[in-house]
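The values are calculated or read from the model by the stated rules, or taken from the named source; none is laboratory data. On a predicted model such as this, the values are computed, not experimentally measured, just so you know. Ideal geometry is used to build each Cβ from the backbone, glycine not excepted, and the neighbour counts take in all protein chains shown.
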Amino acid sequence: MIPLFIQFRWLDLVDIFLVAILLYQLYRLVKGTPALNIFVGIAVFYVIYRIIRLSELELFSSIMAKFIDVGIIVLVVVFQQELRRFFLFLGTSNLLGRDKLKKAFTSWGEEEQVQELDFGAIIKACRNMSESRTGAIIVITRGNDLKFYANTGDPVEAKVSVRMIESIFYKNSPLHDGAIIITDNVIRAARCVLPVTENNDFPAHLGMRHRAAVGVTENSDAVAVVVSEQTGELSVAYEGKLHNRLSPERMKEMLVKLMEK
């Protein structure tokens, strides 16, 4: 006898909500990559498997169940890059309010010395480099200090200033090739190596600096500023999205808004 209604608990609503969040984050990770087609294929395969089980086709469902058991190992191999990005997302996102906890603990002891970011110096340096067609990529950290990427470069530990930024990206400077990472208004490192985006929909006319800017913001909550060496165009990347053809005023508005989050 078919029940006239299905019992629905509030825990079922929570379950659906959590699964929806998980699927959305997985979609964001594979969007624009060849893994998206594989992800869709796996989802279709699983839906077919559930239909077969509900139809009580025992032999067919047992065969497909074996494929699913082995498929877990295959998924780890196929989606190793996407899984890495997913765990980096978990590690760099402020999901548990770590910043608030950190401030709460530091308030009991020594006061944490956090300098306000000098937006004016960054904007002025970018404007000057844009006019002189000097390529640059500046990564500004938020929740995560990006120590892993900072360790790939050379330590600087200098306060943010127009002259310092311009001297680093000067064409004859040994530090100009790569990115600088800024935390708490201090240039922690220069000549840093960043991951590049693997998004197949990325505009082909943009160079490696733009790819690296999008790549580092896909893997962290950082904000990246790019000055194009070819055109002098100013761009800002965050959350894996690139906003280009910005005026210095518009770029400052975006940076101020993003750093307030």
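Numbers for the structure displayed
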read-out: Pairs with Cβ under 6 Å, 6+ apart, first in region 134-152 and at positive phi, second part of a strand (DSSP E or B); value: L146/I181
read-out: Matching residues, region 179-226, being at pLDDT 90 or above, surrounded by 21 or more Cβ atoms within 10 Å (Cβ to Cβ) and of a type in the set (G, A, S); value: A179, A189, A190, A212, A213, G215, A222, A224
read-out: Search result, residues across region 122-150 that are hydroxyl-bearing (S, T, Y) and within 14 Å of C192 (Cα to Cα); value: T141, Y149
read-out: Strands (runs of 3 or more DSSP E) contained entirely in region 122-196, each with at least 1 residues that are within 19 Å of G240 (Cα to Cα); value: 136-140, 179-183, 186-192
read-out: Residue among L95, L23, L101, L90 that is modelled with pLDDT under 80, outside any helix (DSSP H, G or I) and loosely packed, with under 14 Cβ neighbours inside 10 Å; value: L95
read-out: Residue in region 227-243 that is under 23 Å from L117 (Cα atoms), free of Cβ contacts under 8 Å to residues at least 40 places away in the same chain and not in a strand (DSSP E or B) present; value: yes
read-out: Members of region 183-233 found to be of a type in the set (D, E, K, R), more than 19 Å from I123 (Cβ to Cβ) and either within 16 Å of the chain's Cα centre (by Cα) or not assigned by TED's automatic domain parsing to the domain that holds R127 (or both), listed by number; value: E198, R211, E218, D221
read-out: Criterion (among the charged types (D, E, K, R), surrounded by fewer than 18 Cβ atoms within 10 Å (Cβ to Cβ), over 22 Å from P195 (Cα atoms) and modelled with pLDDT under 95) met by exactly one of K171, K159; value: K171
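For (1) in contact (Cβ under 8 Å) with a residue 24 or more places away in the chain; (2) farther than 29 Å from K159 by Cβ; (3) among the charged types (D, E, K, R), each residue gets a yes or a no:
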| position | (1), (2), (3) |
| --- | --- |
| T183 | yes, no, no |
| I187 | yes, no, no |
| R191 | yes, no, yes |
| E198 | yes, yes, yes |
| V214 | yes, no, no |
| T217 | yes, no, no |
| S220 | yes, no, no |
| V223 | yes, no, no |
